[in-house]
Amino acid sequence: MRAIIPLLQMTMLLVVLAVTPAAGGTSTPSPAPQKVVPKGKMVLAWHVNIASRWLDPQEHDGTASPDNFTTALHDALIKNNRETLYDHPALAERYEFAKDAKSATFWLRPGITFHNGEPVTPADVKFTFENYRGAKADVLKGKTERVEIVDDRTIRFVFKEPFLDFPLIFGTANVSGAGWVVPAKYYQQVGPDGYKQKPIGAGPYKLVRQEPGTKLEMEAFEGYYRPVHVKQFVMVGVPEAATRVAMLERGEADIIYLVPGELIERVQKNRKLMLAPVLSGSWWLDFPGFQDPKSPFRDKRVREAVSLVIDREAMNEAEAGGMGRISGNWINNDVQYALEWPAFKRNVERAKQLMQEAGYPNGFTVDWVTPVPAYYSRGERIIAQLQEIGIRARLQVMERGVFLQRLQGGLKEWPGVQIILNGSRIGGSWANWYEAFFKCGGFSSRDRICVQEVDAKFARYEASIDPEERERLAKEIQREILENYYFVPVFRHAFVNAIGPKIAAQTWQEIFPTITTGYAFPWEDIKLKE
Amino acid sequence: MHQFIVRRCLYSLVTIFILSLTIFTVVRLTGDPALLMAEPGARPEDLERVRMQWGLDRPWPMQYLSFMQNVITGELGKSFNYRLPVSELYLQRLPNSLQLALAATLISILVGVPAGILSAVRVNTWWDYVGTVIALLGLSIPGFWLGLVLILVFSVWLEWLPTSGTGDWRHLMMPAVALGWYFAASLLRLSRSSMLEVLRSDYIKLARLKGVPEFVVIGMHGFKNALIPVLTLAGVNLVVMVNAAVIIEVIFAWPGIGRLLYEGIFQRDFPLVQGVVVMAGFMIVGVNLLVDILYAYIDPRIRLTK
C-alpha cells in the first residue's frame with residue numbers, strides 16, 4: 001500500500017500538470033458552498049513553539065512552517081490545494097494568465113469578507129502585493145511593472161517581461177506569501193507588529209485569542225465562502241514528542257505533528273490512533289569543491305562508488321520506520337518539471353571496483369561528513385556505509401544556525417575533503433531547488449558547486465517562455481546532475497504525524513491529502529465524528 | 001547598619017553588571033540571528049537590512065548601552081521573534097511560573113522538611129535510611145525523566161491527570177511534583193543536617209536534663225532553630241524555580257518563563273534571552289540582598305564583619 005500511494009500521487013500530479021494551463025489559461029470557479037453548522041472542538045499539537053511572525057503572510061519566510069497557520073487564518077487569490085500545485089481558485093473565483101506571460105488578471109469572488117466584516121477588495125490585493133516583504137519579494141516585484149485595479153472585483157498584474165513562473169510563485173503557499181490577502185486598512189492601522197498579535201485574514205478560521213509562542217484559539221469564520229465543519233480550533237505548541245503522543249492517546253489532542261522514530265511503534269500499536277506518514281523532504285550527498293583537482297570526488301567513478309555503497313533501504317527503515325521513499329532524484333517529485341528517476345541500486349562489489357579503477361583501492365579519508373542539524377544519526381549511518389569501500393570519515397555536528405551560515409559562506413567554509421548530507425523541501429518548481437542548491441552563486445550552493453555548462457542551460461531555461469522547451473531543459477539538467485553523480489540522492493523521508501479517534505477519517509490521506517505540504521489541510525474540510 | 005546596606009547594594013549592582021555583560025557577550029557568541037530572521041534565500045544585502053533594522057550592525061559597546069538603557073527603562077528590549085517588548089512577554093508568563101514554583105516549593109517543603117526532621121530525630125534507624133534513599137533518588141533522578149514517567153502513569157495509564165498545559169489544579173500537579181522533587185531532596189538533606197546540629201547543641205542537652213518532654217524539645221526548641229537555614233534555602237529555590245524550570249516547562253508544555261527562555265535560545269532571540277536572564281539575576285540578587293540584610297539585622301556580628 002505504501003508503495004502504491006506515491007504512485008497514485010504521482011499519477012494525480014501528472015494529470016494535474018497535463019490539465020493545468022502554464023500560460024494563457026483560465027481557471028474554473030469552485031462550486032457554491034453547502035450550508036454547514038460548525039460544531040465541536042479540534043486541538044492540534046504543533047511540534048515546536050509558535051512564532052507570531054508565522055501569522056503574518058506579509059513576512060513569509062519561504063519555508064513550510066507558516067503554511068500551517070496561514071492556511072487557517074488567511075486565504076490567497078490562488079493557492080496549492082490537494083493535488084493542485086498552485087492555481088486552485090480561492091479568493092479569486094477565476095484568473096487569466098496572458099498568452100505572452102506579461103500579465104495576470106484575477107476576478108475576486110463576490111461577497112467575500114475579512115474576519116472583521118470588511119469586504120476583500122482589489123485595493124487590499126494591491127496593498128498586499130506591494131507591501132509584501134517576505135521570500136521571493138525581490139523576484140515578484142522586480143519583474144512586475146504595475147498592479148492595476150480594473151474594477152471593484154478585478155485586479156491585473158502587469159509584468160516588465162514575460163514572467164512564466166508568476167502563478168507558481170504567487171500561488172504556492174510555502175514559496176511566497178504575496179498572494180495571501182491582508183486587510184490594507186487594518187494592517188496600516190495596527191502596523192506589522194500589532195498585526196502579528198491580532199491578525200485578521202479571510203481564511204476559514206478567525207483568531208480569538210493568542211498566547212504568544214504557546215497557543216492559538218480560533219473559531220470557525222462563518223462568512224467563509226466554503227463550509228467550515230469544526231467550530232473551535234486550538235493550536236498548541238508542545239515541543240516534547242512524548243507529551244504530544246500522550247496528548248493524542250488521552251484525547252487531549254486530535255492531530256499531532258512529528259512522531260519521532262522511537263514513538264512510531266507505540267502509535268501504530270494503538271488501534272484508536274492513525275499514523276500519517278506524509279512524504280516530505282529529500283536527502284542527498286553534496287561534495288563541496290569536488291571540481292578541485294586535489295579532491296578525490298573530482299573523479300566521477302568515486303562519486304558513483306559512493307552512490308553504490310549507500311544502503312538506502314536501511315536508512316529509510318531506521319530513520320523513517322520504512323515510511324519514507326527511495327527516490328532516484330534529489331528533487332521532490334511534487335514540484336513542476338521534477339524528473340522521475342529510478343532508485344539507485346546498492347552494489348558494494350561494483351563500488352569497490354570503481355574505487356580501484358579511480359586509483360583508490362584502499363579508499364581515502366574524508367575530513368568531515370556534516371548532516372543537516374540535528375539529523376546526526378543519518379550522518380553516522382552514511383559514515384558506516386562509506387567504510388565498506390575504505391572511505392574513512394568523521395561526523396561533524398553543529399547548531400542549525402551555524403550550519404546555515406556556513407552553507408551561505410560558500411566553499412571557504414568547507415575546506416579539505418568534505419561531504420554534506422543535505423536535505424530540503426521546497427514547493428513550486430524544480431527551479432527553486434536548482435537555484436537554491438546547485439546553481440553557481442545560488443543562495444545555498446554559493447561557490448561550492450559550479451558546473452558552467454549546466455548553469456548555461458539553466459540560463460536558457462529562465463529566458464525561455466516556451467513551456468515545452470522549459471520542460472525539456474528542466475529534465476535535461478536534472479538528468480545531467482544525476483548521471484554525473486554531482487549529487488547522490490539518498491532518500492525521501494516521511495514527516496510522521498498522527499490522528500486521534502475524534503477526527504472523522506477512514507484514511508490518513510483524508511486529513512493530509514495534499515502533496516504540496518506536510519501539514520493537515522484544508523482545515524475547513526476536516527470533520528469530527530458525530 | 002546603614003553602611004552595611006549601602007555596601008551590600010553596591011555589591012548587588014556589580015553582580016548585575018557582570019551578569020548583564022556576560023549574557024550580552026555569550027548570546028552574541030552563538031552566531032548571527034539575522035540568518036534565522038531572514039528568509040532562507042536572503043541575499044547578503046537582505047541580511048544587512050535585517051541587521052540594521054534590529055541594530056545588530058552597530059558596535060557591541062553601543063548595543064550593550066542600548067540593552068542597559070532598556071533594562072533601566074524596564075522594557076528589556078523588543079523580542080526578535082515575537083515583535084513584542086520582552087517585559088510584556090515576561091509579565092505574561094510570570095503568573096504561570098509563579099504558580100508552578102509556589103506549588104513546587106510547597107511540595108518540596110511538605111516532603112523535604114518533615115522527612116529531614118524525622119531522619120535526624122531517628123538517626124541511624126530505618127526512618128533515616130528511607131530518608132537517605134529518598135534524598136539520593138531526588139537528587140539523581142533527572143526531572144525530564146520523572147516528568148515523562150508521571151505523564152505515562154497518571155495521564156496515559158490511570159487517566160487521572162491531564163498530560164500538559166495550564167488550567168485547574170490537576171494541570172499543576174505533575175509539573176509541580178516533577179519540579180519540586182529535586183528541591184524536596186535538597187531540603188531533606190539540609191533539614192536533617194541542620195536538625196542534627198541543633199540536637200547536639202548545649203541548650204537542647206540542658207532542656208533534656210531539665211526533663212522537658214521530648215516532643216517539646218524537638219518541636220519547640222530544635223525545630224524552630226533548625227528551620228532558619230531551611231527556609232532561606234526554600235526562598236532561594238523558589239526564585240530559581242520561577243526562572244529556570246526550563247525542562248519541566250517544555251515537557252509539560254507549561255507556558256512559563258523557563259519555556260520563554262528556551263524559545264529565545266533556539267531562535268537566537270538576543271533581547272529575549274538577555275531580558276529573561278537579567279530578570280532572573282535581579283530576583284536572585286534581590287532575594288540574597290534581602291536575606292543578607294535580615295541576617296545582619298538579627299545577628300550584629302554579620303554587619304560588623306568587614
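The values are calculated or read from the model by the stated rules, or taken from the named source; none is laboratory data. In this text, all values refer to a predicted model and were calculated from it rather than measured experimentally. Glycine also receives a Cβ, built like all others from the backbone with ideal geometry; neighbour counts cover every protein chain displayed.
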Residues located in region B:229-269, provided they are under 11 Å from B:PRO175 (Cβ atoms), in contact with a Leu (Cβ under 7 Å, 6 or more places away or on another chain) and not in a helix (DSSP H, G or I) = B:ALA245, B:TRP254, B:GLY256
Is it true that A:ARG301 is touching a Leu at 6+ places or on another chain (Cβ under 6 Å) and more than 14 Å from chain B (Cβ to nearest Cβ)?
-> yes
May I ask you to say which residue of A:PHE443, A:PHE437 is within 14 Å of another protein chain (Cβ to nearest Cβ), buried (at least 21 other Cβ atoms within 10 Å of the Cβ) and under 27 Å from A:LEU279 (Cβ atoms)?
-> A:PHE437
Considering every residue within region B:15-38, establish whether at least one is among the aromatic types (Phe, Trp, Tyr), surrounded by fewer than 20 Cβ atoms within 10 Å (Cβ to Cβ) and over 30 Å from the mean Cα position of the chain (by Cα).
-> no
Name the residues in region B:204-221 that are surrounded by 12 or more Cβ atoms within 10 Å (Cβ to Cβ) and under 38 Å from the mean Cα position of the chain (by Cα), would you?
-> B:ILE204, B:LYS205, B:VAL217, B:ILE218, B:GLY219, B:MET220, B:HIS221
In region A:293-319, what residues are in a loop (DSSP other than H, G, I, E, B) and closer than 30 Å to A:GLN268 by Cα?
-> A:ILE310, A:ASP311
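Okay, residues lined up against (1) of a type outside the set (Gly, Ala, Ser); (2) modelled with pLDDT of 90 or more; (3) over 19 Å from A:PRO373 (Cα atoms):
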residue: A:TRP414; (1), (2), (3): yes, yes, no
residue: A:TYR434; (1), (2), (3): yes, yes, yes
residue: A:GLY442; (1), (2), (3): no, no, yes
residue: A:SER445; (1), (2), (3): no, no, no
residue: A:VAL451; (1), (2), (3): yes, yes, yes
residue: A:VAL454; (1), (2), (3): yes, yes, yes
residue: A:TYR461; (1), (2), (3): yes, yes, yes
Which one of these is crowded, with 24+ Cβ neighbours inside 10 Å and either within 24 Å of the chain's Cα centre (by Cα) or within 30 Å of A:GLU471 (Cα to Cα) (or both): A:GLY134, A:GLY142, A:GLY179?
-> A:GLY179
Only residues that are assigned to a loop (DSSP other than H, G, I, E, B) and out of contact with any Phe, Trp or Tyr (no Cβ under 6 Å at 6 or more places or on another chain): list them for region A:158-179, please.
-> A:LYS160, A:GLU161, A:PRO162, A:PHE163, A:LEU164, A:ASP165, A:ALA173, A:ASN174, A:VAL175, A:SER176, A:GLY177
Segments classed as helices (runs of 4 or more DSSP H), wholly inside region B:27-123, with at least 3 members that are out of contact with any helix residue (DSSP H, G or I) (no Cβ under 8 Å at 6 or more places or on another chain) | B:44-53, B:60-73, B:86-121
Considering only residues that are assigned to a helix (DSSP H, G or I), more than 9 Å from chain B (Cβ to nearest Cβ) and of a type in the set (D, E, K, R), look in region A:128-145 and name the one that is nearest to A:VAL175 (Cα to Cα).
-> A:LYS141
Would you say B:ARG83 is within 14 Å of chain A (Cβ to nearest Cβ) and either free of Cβ contacts under 8 Å to residues at least 24 places away in the same chain or closer than 30 Å to B:THR132 by Cα (or both)?
-> yes
Single condition B:VAL212 does not satisfy, out of (1) outside any helix (DSSP H, G or I); (2) within 30 Å of B:GLY167 (Cα to Cα); (3) not small (Gly, Ala, Ser) = (2)
Looking at B:PHE252, B:PHE266, B:PHE223, B:PHE215, which one is farther than 29 Å from B:PHE17 by Cα and within 14 Å of chain A (Cβ to nearest Cβ)?
-> B:PHE252
Considering each of A:ARG470, A:ARG448 in turn, give the residue that is within 26 Å of A:TRP283 (Cβ to Cβ) and either crowded, with 20+ Cβ neighbours inside 10 Å or out of contact with any Gly (no Cβ under 9 Å at 6 or more places or on another chain) (or both).
-> A:ARG448
Among the listed residues A:ALA123, A:ALA98, which satisfies the condition of being under 30 Å from A:VAL208 (Cβ atoms) and touching a residue at least 40 places away in the same chain (Cβ under 8 Å)?
-> A:ALA123
Flag for B:VAL113 being closer than 30 Å to B:GLU197 by Cα, surrounded by 19 or more Cβ atoms within 10 Å (Cβ to Cβ) and at pLDDT 90 or above = yes
Please find, among B:VAL278, B:VAL246, B:VAL236, B:VAL273, the residue that is out of contact with any strand residue (DSSP E or B) (no Cβ under 8 Å at 6 or more places or on another chain), away from every other protein chain (no Cβ under 14 Å) and closer than 20 Å to B:LEU76 by Cβ.
-> B:VAL278
Do we find that A:ASP75 is under 27 Å from A:LYS198 (Cβ atoms) and either among the charged types (D, E, K, R) or within 26 Å of the chain's Cα centre (by Cα) (or both) in this structure?
-> yes
Selected residue (only one of B:GLN3, B:GLN63, B:GLN69, B:GLN53 is of a type in the set (S, T, N, Q), out of contact with any strand residue (DSSP E or B) (no Cβ under 7 Å at 6 or more places or on another chain), more than 30 Å from B:ARG189 (Cβ to Cβ) and within 11 Å of chain A (Cβ to nearest Cβ)) | B:GLN53
